[in-house]
Every structure is written in C-alpha cells, then in structure tokens.
1. Residue check: is Asp112 modelled with pLDDT of 75 or more, closer than 30 Å to Ser41 by Cα and acidic (Asp, Glu)?
2. Only residues that are in a loop (DSSP other than H, G, I, E, B) and surrounded by 17 or more Cβ atoms within 10 Å (Cβ to Cβ): list them for region 102-116, please.
3. Please specify each residue of region 34-91 satisfying the condition of being in a loop (DSSP other than H, G, I, E, B), free of Cβ contacts under 8 Å to residues at least 40 places away in the same chain and either closer than 25 Å to Ala13 by Cα or not aliphatic (A, V, I, L, M) (or both).
4. Kindly indicate whether any position in region 46-61 is of a type in the set (Asp, Glu) and more than 18 Å from Lys88 (Cα to Cα).
5. Within the bounds of region 8-26, is there any residue that is free of Cβ contacts under 8 Å to residues at least 24 places away in the same chain, farther than 24 Å from Arg111 by Cβ and not in a strand (DSSP E or B)?
6. Quick check on my filter: what residues within region 92-101 are part of a loop (DSSP other than H, G, I, E, B) and either of a type in the set (Phe, Trp, Tyr) or buried (at least 21 other Cβ atoms within 10 Å of the Cβ) (or both)?
7. Would you please list the contacts, defined by Cβ atoms under 9 Å and residues six or more apart or on different chains, that run from a residue in region 134-154 that is touching a residue at least 24 places away in the same chain (Cβ under 8 Å) and within 19 Å of Gly6 (Cβ to Cβ) to a residue that is part of a helix (DSSP H, G or I) and among the basic types (Lys, Arg)?
8. Could we say that Asn119 is closer than 30 Å to Lys61 by Cβ, surrounded by 11 or more Cβ atoms within 10 Å (Cβ to Cβ), of a type in the set (S, T, N, Q) and modelled with pLDDT under 85 here?
Amino acid sequence: SIGGMGKTTIARAVFETIRCRFEVTCFLADVRENCEKKDISHMQKQLLDQMKISSNSVHNKYDGRTMIQNSLRLKKVLLVLDDVNHGKQLEYLAGEQAWFGPGSRIIITTRDFHLLRKNKLHETYNVEGLVESEALNLFSLEAFNLPKPSEEFLDLSKEVVKYSGGLPFAL
C-alpha cells in the first residue's frame, strides 16, 4: 500500500501494546530513508543499541549481521522494521527465523507487497484506505472538532475527502 495509509501508526500501536511480552524490543523507524542517508550497519547498530546490546564491535554490515545473530538467537525478540523497501535490508537486519529465540515476532511495514512475498513471510496484512464515511468523520474531527461537518461545510468537506483518496494522513 502507498504512503500515508497508516502502516507505521498501526505498527507502532501493535508494538506498544505487546512489547511487555518480550525480553528485548526494537522499533526501527524509516528503514528506507535511513538506509538512503547512511549504510545498513548504522541501522544494525541502532537495532542492537535499542535492545541494550553493545554495538561497538560493528564495523560493517557483516559484523552487524553476526552480532545480531549471536546476541538474539536465545532471546524472545519483538522487532519492527518500518518502511522497508529492499530485500537486503531484511537480509541484514532480520536474516532468518533462527536469528531470534522462540516466540520472537518480526513486524515489517512496506509499500512493496512483492518484497514480502519473495521473503516467504508467515502472515501479511494489507492496509486499506478509509471508506468515504470514515474519511469524512476523520476530516470533520480534525478540521471542526465535530463528528460530522455542519451543513454549510458538508459539500466542501466531501470534496476534500474525495481529493484525499481515503488516505488518513492526507486528511
């Protein structure tokens, strides 16, 4: 699904709700953007640091991969990789199931459904846009602090909702 659908918001809410069930947790935001600005080893260090594991010995992506594998294989891990756009990101941040202990969960948000299919993930969930009535309600709450727009703003509100295409962040 495209940007602005709320994938990150949903992933963050799930993360905050279930994180207490895991030994170590990490929410890596904006993987795509961060990998464009810096190399993948920076993201690996961030992952390890969030999980309270020293990343001092990570000098390149291969060190990082080994460190993640060795440090987490016996731990129950919750890892969220937000906005992944390349298979190499998955390969170096969450390689395979054996990297993580029993009961671990890896949540990935992406705009590229084929990326998920290629990596044979267990479950996928497609985030849909809002239907017109939901979008109108959200817009009205944000714009007027009311569940429905007043009669004088109804037509204009419907135009805004139509223009947004049901994208929550566009509203």
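The values are calculated or read from the model by the stated rules, or taken from the named source; none is laboratory data. Note that the coordinates shown come from a computational prediction; the quantities given were computed from them, not determined experimentally. Here the Cβ is made from the backbone with ideal geometry for all residues, glycine too, and neighbour counts use every protein chain on show.
1. It is true that Asp112 is modelled with pLDDT of 75 or more, closer than 30 Å to Ser41 by Cα and acidic (Asp, Glu).
2. Once the filter is applied, which keeps residues that are in a loop (DSSP other than H, G, I, E, B) and surrounded by 17 or more Cβ atoms within 10 Å (Cβ to Cβ), region 102-116 yields Ser104, Thr109, Thr110.
3. Looking only at region 34-91, we keep the residues that are in a loop (DSSP other than H, G, I, E, B), and these are 38-39, 51-60, 73-76, 82-86.
Still in the running and free of Cβ contacts under 8 Å to residues at least 40 places away in the same chain: 38-39, 51-60, 73-74.
Listed by number, the residues that qualify are Lys38, Asp39, Met51, Lys52, Ile53, Ser54, Ser55, Asn56, Ser57, His59, Asn60, Arg73.
4. Looking for residues that are of a type in the set (Asp, Glu) and more than 18 Å from Lys88 (Cα to Cα), one finds at least one in region 46-61, hence yes.
5. Yes, region 8-26 has at least one match.
6. Answer for region 92-101, where residues must be part of a loop (DSSP other than H, G, I, E, B) and either of a type in the set (Phe, Trp, Tyr) or buried (at least 21 other Cβ atoms within 10 Å of the Cβ) (or both): just Phe100.
7. Note: pairs meeting the criteria are Ala135/Lys162; Leu136/Lys158.
8. Judged against the criteria, Asn119 is a match.
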